[in-house]
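Accompanying notes for the structure given below.
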Amino acid sequence: MNINEKFKEYAELKIMEEELKAEMDKIKKEITDYMESEQLFEIQGIEHKCSWKEVVSYNLDRKELKKQMADIYNRFLKESKTRKFLFN
């Protein structure tokens, strides 16, 4: 395997990914703007269906918990390991 060729190929695909994401974001905004203007939460096309609904979620404020109840925070703290792929 030629690592430099793989790097080049990866870099080219990364650029394509970013361009596709930008285009998808633009189209998504057009769709959601339309849905908002028409007050639609769901829309059905010929081949695809789209919904755009509010989602409520609750997240633990770790920083505040650690500040106010460090002993409890540390007691339930769990270590995890992962690898991160960085490419420049």
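The values are calculated or read from the model by the stated rules, or taken from the named source; none is laboratory data. Only a predicted model underlies this, so the values are computations on that prediction, with no experimental measurement involved. Here Cβ is always computed from backbone atoms with ideal geometry, including for glycine, and neighbour counts include all displayed protein chains.
Which residue out of Lys84, Lys49, Lys78 is closer than 30 Å to Lys6 by Cβ and either out of contact with any helix residue (DSSP H, G or I) (no Cβ under 8 Å at 6 or more places or on another chain) or free of Cβ contacts under 8 Å to residues at least 60 places away in the same chain (or both)?
Exactly one of Lys84, Lys49, Lys78 is closer than 30 Å to Lys6 by Cβ and either out of contact with any helix residue (DSSP H, G or I) (no Cβ under 8 Å at 6 or more places or on another chain) or free of Cβ contacts under 8 Å to residues at least 60 places away in the same chain (or both), namely Lys84.
Step by step: first the residues of region 1-59, then only those that are in a helix (DSSP H, G or I) and of a type in the set (S, T, N, Q), then the one that is farthest from Phe85 (Cα to Cα). Which residue is that? The qualifying residue farthest from Phe85 (Cα to Cα) is Ser37. Among the residues of region 62-75, those identified as touching a helix residue (DSSP H, G or I) at 6+ places or on another chain (Cβ under 9 Å) and among the charged types (D, E, K, R) are Arg62, Lys66, Lys67. Scanning region 46-88 for residues that are at pLDDT below 95, of a type outside the set (Phe, Trp, Tyr) and under 19 Å from Ile27 (Cα atoms) yields a single hit, Lys53. Of the residues making up region 31-75, those that are among the hydrophobic types (A, V, I, L, M, F, W, C), more than 23 Å from the chain's Cα centre (by Cα) and surrounded by 10 or more Cβ atoms within 10 Å (Cβ to Cβ) are Leu40, Leu65, Met69, Ala70, Ile72. Restricting attention to region 12-29, does a residue exist that is touching a residue at least 60 places away in the same chain (Cβ under 8 Å) and surrounded by 10 or more Cβ atoms within 10 Å (Cβ to Cβ)? Yes, region 12-29 contains a residue that is touching a residue at least 60 places away in the same chain (Cβ under 8 Å) and surrounded by 10 or more Cβ atoms within 10 Å (Cβ to Cβ).
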